[in-house]
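In what follows, a single structure is set out as structure tokens and then discussed.
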Amino acid sequence: MTIQFGGLASGLDTSSIIDQLMSLERQPVTRLQTDKTWLNNRLAAFTELDTRLKTFADSIKNLGDTDSLLKRSIKQSTNDFLTASVSSEALAGTSYQVEVLSLAQVQKSVTATGFASKSEAAFGTGTLQVTVGDTSHSIEITSENNSLEGIMQAINKANVGVRAAIINDGSATPYRLSLTGEDVGTTFSFDSSGLTGGSSSLGGINLDDGAGGVINPPVQAATRAHVRIDTVDIYSDSNTLTEAIPGVTLDLVQAKEGSTTTLNINLDRSSIKSTVQSFAKGYNEVVSFIMGQSVINEEGGGVLGGDSGINSIKRHLQRMLTTPFANDGVFVTLSQLGFETQKDGTLTVNDKTLSDAVENNLDSVVSLLAGDGDGKGMAQQFQDYLGSMTNSSSGMLKGRKDSITSSIKRVDKQIESLESRLEHRQKTLEAQFTAMETLVSTLNSQSTYLSQQMDALSNIMNYRSK
């Protein structure tokens, strides 16, 4: 690496001169970098607008959903025996008395006698009869599977509606056969009298309630769910009942005869109003952002100021607010639900007007927002428009992003080209000033030599004249 000492010969600060000259030469690059920053900020602003439009669309999904607009609330007197959820099909203003008499459950049985080994061939061979409900099944036990483990596997392989497992109770003879029914309410039993012989002292022990008596009465009896609703008995194979009460799902938790749970169903007016009010919130976030990016009185504004696309979005949304929407209800515009436009373009909701509409004309509110049973109400119109603006392949951001990205690439190429030329230019200037310094140094050396020669000649002349 060459170390340069600029100006040693000429006395000029050549390094500073070169820096200043290059600073002037770099001005076009500086302008391009400023342009690139502006383009990146513009792209970020479009991306932010796209995000706000998507958020607005998400916030009004429930606005066109009949269930949300007709939402019911349900209140329980106790949560000890069941939990209840409600849909819009439930009858508002109704109450029910629910008594849980039994839960749906499968039969579970465990052998009363434990065995020291689960792999020892301790049982006889022959036929094990398993009766599930009214159907009897024969399971062959041979000398190859007449251990507790082998019997378990044979039962499971037979797939007769009972699952077998082995548990360890920690005693001296810890291994016990556990049997579980697969169907709620279906009982099962075993008859192992068909097993004869045995290869150990345990040979011939039965696995049924007969001779050996080694299977206890069920530790859990097979039962169907049983509830009594307003004196009507209802049975189910599941602890989740969906048709016992119209529009209500009951999840049974605990059975206790004589204990009732009171369910009161009403319109959830606060939730319905909140769903409608969410529209104004999402709308305002979009409009406020657009206004913040627009030039006002030719002063200030954001990087999107003057863009026809965002101004078009604002005008379209405002037009949709006031365009009448034909339907079977008494409301045709959002203003009739209490939406009021402010001077800055944002919306407020008149709570009194909205409350009156929800209380007295809820069906008309639903017709306006969700449509007349076809799901194509005013809310869907807004969602369709917002969807078209935010579409990843054809939306506004896609077009703007492609255009801006192309411009940024073009600026990058211009900067790269200019930087290359500036690098060459700086090397040229450094070479020119180095050459000048070399020339000045040479001239200085020659001047010094001539001065020395003139001094010597003068000394000679002075000497001769003496």
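Segment 423-444 and segment 347-371 have Cα centres spaced 84 Å apart.
Express the relative contact order of the chain as a whole percentage, based on alpha carbon pairs under 8 Å and six or more residues apart in sequence. Walk me through the numbers on the way to the answer.
Working: 786 pairs, mean separation 105.0, N = 466.
Result for the chain is 23 percent.
Say R0 is 56 Å: what FRET efficiency, to the nearest 0.05, do Ser178 and Arg319 get from their beta-carbon distance?
Details: r = 70 Å, r/R0 = 1.26.
It comes to 0.20.
Length available on full extension from Ser238 to Arg26: 0.36 nm per residue minus the Cα-Cα distance, which gives 68.4 nm.
Let me check I have the definition right: for segment 387-466, take the eigenvalues of the Cα gyration tensor, multiply each by 5, take square roots. What are those semi-axes in whole Å, largest first?
Equivalent ellipsoid semi-axes, largest first: 75, 7, 4 Å.
A viscosity of 0.692 mPa s and a temperature of 37 °C, combined with the Kirkwood radius over C-alpha pairs in the Stokes-Einstein formula, give segment 49-114 a diffusion coefficient of 194 µm²/s.
As a rough guide to protection, the peptides 222-228, 446-452 ranked by mean Cβ packing within 10 Å, highest first, stand as 222-228, 446-452.
Can you figure out the FRET efficiency of Ser388 with Asp351, using R₀ = 25 Å and their beta-carbon distance, to the nearest 0.05?
Working: r = 32 Å, r/R0 = 1.29.
That gives a FRET efficiency of 0.20.
Label zone (Glu257, point 7 Å along Cα-to-C-beta; backbone nitrogen cut-off 15 Å) within segment 92-121: 99-103.
Extent of the chain along its three principal axes (Cα atoms, max minus min coordinate, largest first): 159, 78, 35 Å.
Please report the relative contact order for segment 225-380, taking Cα pairs under 8 Å with a sequence separation of at least 6, and give it as a percent rounded to a whole number. Working shown, then result.
Working: 149 pairs, mean separation 22.8, N = 156.
15 percent.
Three principal axis extents describe the C-alpha atoms of segment 108-196; from largest down they are 36, 26, 20 Å. In this simple spin-label model, placing a label point 7 Å from the Cα along the Cα-to-Cβ direction at both Gln446 and Thr78 gives a separation of 11.9 nm. Between His137 and Val130, Thr131, Val132, the built amide H atoms are under 5 Å apart, and every one of these is 5 or more places off in sequence or on another chain.
Quick one: compute the contact order of segment 108-196, relative version, from alpha carbon pairs under 8 angstrom and 6+ residues apart, as a percent.
Across segment 108-196, relative contact order equals 38 percent.
Please identify which residues in segment 52-89 have an amide N closer than 15 Å to a label point set 7 Å out from the Cα of Lys281, following the Cα→Cβ vector. Zone members listed by number: 55-63.
Relative to the longest principal axis of the Cα atoms of the chain, the long axis of helix 308-322 lies at roughly 40 degrees.
Summarising the label geometry, the points placed 7 Å from Cα in the beta-carbon direction at Asn266 and Arg410 lie 6.5 nm from one another. Axis angle, to the nearest 10 degrees, between helix 351-360 and the longest C-alpha principal axis of the chain: 30 degrees.
In order along segment 23-28, phi translates into HN-Hα couplings of 4, 5, 5, 7, 4, x Hz, rounded to whole numbers, per the Karplus curve 6.51 cos²θ - 1.76 cosθ + 1.60 with θ = phi - 60° and x for Gly and Pro. Cross-link check: pairs Lys71/Lys352; Lys273/Lys376; Lys54/Lys413; Lys71/Lys314; Lys376/Lys398; Lys36/Lys427 evaluated at a Cα-Cα cut-off of 22 Å; pairs beyond the cut-off: Lys54/Lys413; Lys71/Lys314; Lys376/Lys398; Lys36/Lys427. By how many degrees, between 0 and 90 and to the nearest 10, does the Cα long axis of helix 378-390 differ from the longest principal axis of the chain? Between the helix axis and the principal axis of the chain, the angle is about 50 degrees. Calculated [222 nm] ellipticity per residue, helices only, for the chain: -15000 deg cm²/dmol; basis is -39500 (n - 2.57) per DSSP H run with n ≥ 4, divided by all residues, nearest 500.
Computed from the Cβ-Cβ distance with R0 of 56 Å, the FRET efficiency linking Asn462 to Asp344 stands at 0.05. In this structure, the amide hydrogen of Ser102, modeled 1.01 Å from its nitrogen in the peptide plane, lies closer than 5 angstrom to those of His226, counting only residues at least 5 positions away or on a different chain. Remark: the Asp19-Asp372 segment gains 119.6 nm on full extension, using 0.36 nm per residue and subtracting the alpha carbon distance.
FYI, it's all coordinate maths here, none of it is from the lab. Given the structure is predicted, the values throughout are model-derived calculations rather than measurements. Positions of Cβ are generated from backbone atoms using ideal geometry, with glycine treated the same way; all protein chains shown enter the neighbour counts.
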